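What follows is one structure encoded as structure tokens, with my remarks underneath.
Computed from the coordinates by the stated procedures, all read-outs in this text should not be read as laboratory data. What you see is a predicted model; the values in this text were computed from it and never measured. Backbone-built Cβ (ideal geometry, glycine too); neighbour counts: all protein chains shown.
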Amino acid sequence: MNLNNLRPAKGSTKSSKRIGRGQGSGHGGTATRGHKGAKSRSGYSRKFGFEGGQMPLQRRVPKFGFKNINRVEYKAINVEMLQTLAEKKGLSTIDPESLKEAGLVGRNDLVKILGNGTLTSKLEVKAHAFSKSAIVAIEAAQGTAEKL
């Protein structure tokens, strides 16, 4: 075997279809596009969601509701989670930075403390919002709830 007699395995390569290069090529005439219709014309591109002229799904299904652009979304953290975090890390003050370090909230998340669970540690909690039950639970454990 030499470099001058190397060739691909038989049947592994195909010559490309030269479309629209005359009748002798076998792909002349309609150039493999079939006869008539939108798909045979130049410049045709199917619209997204087009279903052959049938009313498309996104137009059949009605619109309803609305998105409030002024909605403020909070990341909910329960009092129970504050208790476990305080025990694990030995914290007396809990703020959004300490929750970020613990991996409970993201960088730009607003934090709301909810009152699910029990709190036994005296904690100074700083957050963007509190539920009424959370404030009661924190103050029952002689802690403070400070709204940022």
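Could you rank the peptides 55-63, 104-112 by their average count of other C-beta atoms within 10 Å per residue, with the highest value first?
Taking the mean over residues of other Cβ atoms within 10 Å, the ranking is 104-112, 55-63.
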About the Cα centre, and with charges only on the beta carbon of Lys, Arg (+1) and Asp, Glu (-1), how big is the dipole of segment 74-147? Nearest 20 debye, please. 140 debye
To the nearest 20 Debye, how big is the dipole of segment 8-80 about its Cα centre, given +1 on the beta carbon of each Lys and Arg and -1 on that of each Asp and Glu? 540 debye
How many angstrom lie between the Cα centre of segment 130-148 and the Cα centre of segment 1-15? 79 Å
Order by protection proxy (mean Cβ within 10 Å, highest first), peptides 66-73, 117-124: 117-124, 66-73
Length gain on complete extension for the stretch Leu110 to Ser25, per 0.36 nm per residue less the alpha carbon to alpha carbon distance? 23.9 nm
For the residue pair Lys132 and Ser92, what label-to-label distance in nm results when each label sits 7 Å from Cα along the Cα-to-beta-carbon direction? 3.2 nm
Between Asn70 and Glu139, what FRET efficiency comes out of the Förster formula 1/(1 + (r/R0)^6) with R0 = 41 Å and r the beta carbon distance, rounded to 0.05? 0.85
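How do the peptides 125-136, 3-14 rank, highest first, by the average count of neighbouring beta carbon atoms within 10 Å per residue?
125-136, 3-14
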Between the residues Asn78, Thr118, Phe64, the Cα farthest towards the positive end of the dipole of the chain, that dipole coming from +1 and -1 charges on the beta-carbon of Lys, Arg, Asp and Glu, is from Phe64
Could you state the number of Å between the C-alpha centres of segment 20-40 and segment 43-62? 26 Å
Cross-link candidates for Lys112: which lysines have Cα within less than 18 Å, leaving aside residues fewer than 8 places away along the same chain? Lys75, Lys100, Lys126, Lys132, Lys147
By the scheme Lys and Arg +1, Asp and Glu -1, what is the net charge of all other residues having a beta-carbon under 13 Å from that of Glu87? +2
